[in-house]
Amino acid sequence: MHQSPAFSQGVAVESPSRTIYVGGQNGVGPDGQVVGETLAEQSVQAFANVRTVLEEAGAGLKDIVTWTIAVAEGQSVEEGFGAFQAVWDPADPPPAISVHVVGFANPAFLVEITAIAVV
């Protein structure tokens with residue numbers, strides 16, 4: 001994942017349970033460049049980024065208890081949910097979720113996902 005001096009990709013807090021706070025993940029590849037021009041493409045990458053941060057902290061998607069998904073105004077939320085369904089194991093209960101429609105600082109961004117996981 002790309003490194004930024006302005007933010008961490010994720011933060012873990014120990015005791016009594018281990019809680020991992022995943023910073024907002026956009027559809028950005030390891031080189032820091034936006035991946036794809038559609039919400040579906042960027043959502044797939046953003047979910048992959050969330051998974052990467054969690055795995056580096058010793059967790060997985062199933063450990064997420066809540067996440068917030070921000071979608072750029074004018075985008076089809078269904079595309080984002082389709083990407084979610086592609087990565088989420090239907091055997092695991094889905095986490096709590098909030099969806100917001102917003103504008104981003106970078107107009108190329110179409111989605112941003114934050115998450116909290118407890119292990």
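The values are calculated or read from the model by the stated rules, or taken from the named source; none is laboratory data. Every value quoted in this text rests on a predicted model; they were computed, and no experiment measured them. Here Cβ is always computed from backbone atoms with ideal geometry, including for glycine, and neighbour counts include all displayed protein chains. Ligands, DNA and RNA are excluded from the accessible area calculation, which covers all protein heavy atoms including side chains. Shrake-Rupley method; radii C 1.70, N 1.55, O 1.52, S 1.80 Å.
For the list (1) at pLDDT 90 or above; (2) in a loop (DSSP other than H, G, I, E, B); (3) over 21 Å from residue 29 (Cα atoms), I need the number of the one condition that residue 92 fails.
All conditions pass for residue 92, except number (1).
Within the group 96, 108, 91, 86, which residue is touching a helix residue (DSSP H, G or I) at 6+ places or on another chain (Cβ under 8 Å), more than 21 Å from residue 8 (Cβ to Cβ) and hydrophobic (A, V, I, L, M, F, W, C)?
86
Hey, which of the strands (runs of 3 or more DSSP E) in the stretch 1-83, taking only ones fully inside, have at least 3 residues that are open to solvent by less than 30 Å² (accessible area, probe 1.4 Å)?
So the answer is 19-26, 64-72.
Kindly establish whether residue 102 is aliphatic (A, V, I, L, M), over 15 Å from the mean Cα position of the chain (by Cα), within 16 Å of residue 117 (Cα to Cα) and open to solvent by 40 Å² or more (accessible area, probe 1.4 Å).
So residue 102 fails the test.
Checking residue 33 against (1) without any contact (Cβ under 8 Å) to a residue 12 or more places away in the chain; (2) under 20 Å from residue 96 (Cα atoms); (3) not aromatic (Phe, Trp, Tyr), which single condition isn't satisfied?
With respect to (1) without any contact (Cβ under 8 Å) to a residue 12 or more places away in the chain; (2) under 20 Å from residue 96 (Cα atoms); (3) not aromatic (Phe, Trp, Tyr), residue 33 is out only on (2).
Report every pair of residues separated by at least 6 positions or lying on different chains whose Cβ atoms are under 6 Å apart, first residue within the stretch 39-65 and more than 12 Å from residue 1 (Cα to Cα) and in contact (Cβ under 8 Å) with a residue 40 or more places away in the chain, second in a helix (DSSP H, G or I) and of a type in the set (Val, Ile, Thr).
Qualifying pairs under 6 Å: 47/87.
Taking only pairs six or more apart or across chains, which ones have beta-carbon atoms under 6 Å, a first residue in the stretch 91-107 that is among the hydrophobic types (A, V, I, L, M, F, W, C), and a second residue that is open to solvent by 90 Å² or more (accessible area, probe 1.4 Å)?
Partner pairs satisfying both residue conditions: 101/73.
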